[in-house]
Amino acid sequence: MIVEERMYTLHPGKVPEYFKLYQAEGLPIQKRILGNLFGYFFTEVGTQNQLVHLWYYENFEEREKRRAQLSADPGWLAYIPKTRPFVISQETRILKPAPFFQDTLRKMLESNRI
């Protein structure tokens, strides 16, 4: 199991506008294709105007397959240019749960399918 952490820093004051667009257009597409949303957050303290979302996958191959499907989706391709004016930077990390946390994480994910 892996968790993909995606962090976006937006221009100051643009988080509410971005959320409105994402909720209306981006989220439905991602939920349909990626399917494994684990969390979506914004910063209150620390680096401002930053969004963090977490997606989980059984393995890297599943992630690659789903991300390729997303990248080929016509709705997603139409959505992405609308978001570019909001974004300053993006960072993506792949996280692996510690061996002693794997079972706990799997139970959490199975009981709270989003």
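Numerical summary
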item: Residue match in the stretch 81-96 (condition: surrounded by fewer than 11 Cβ atoms within 10 Å (Cβ to Cβ) and free of Cβ contacts under 8 Å to residues at least 40 places away in the same chain); result: yes
item: Residue in the stretch 68-78 that is polar (S, T, N, Q) and within 16 Å of TYR22 (Cβ to Cβ) present; result: no
item: Counted residues, the stretch 1-41 - those being touching a helix residue (DSSP H, G or I) at 6+ places or on another chain (Cβ under 6 Å) and free of Cβ contacts under 8 Å to residues at least 40 places away in the same chain; result: 1
item: Meets criteria (loosely packed, with under 15 Cβ neighbours inside 10 Å and free of Cβ contacts under 8 Å to residues at least 12 places away in the same chain) for THR104; result: yes
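Where a number appears in this text, it was derived from the coordinates with a stated rule and is not lab data. Since the structure is predicted, the reported quantities are computational estimates derived from the model, not experimental observations. Cβ atoms come from the backbone with ideal geometry, glycine included; neighbour counts cover every protein chain shown.
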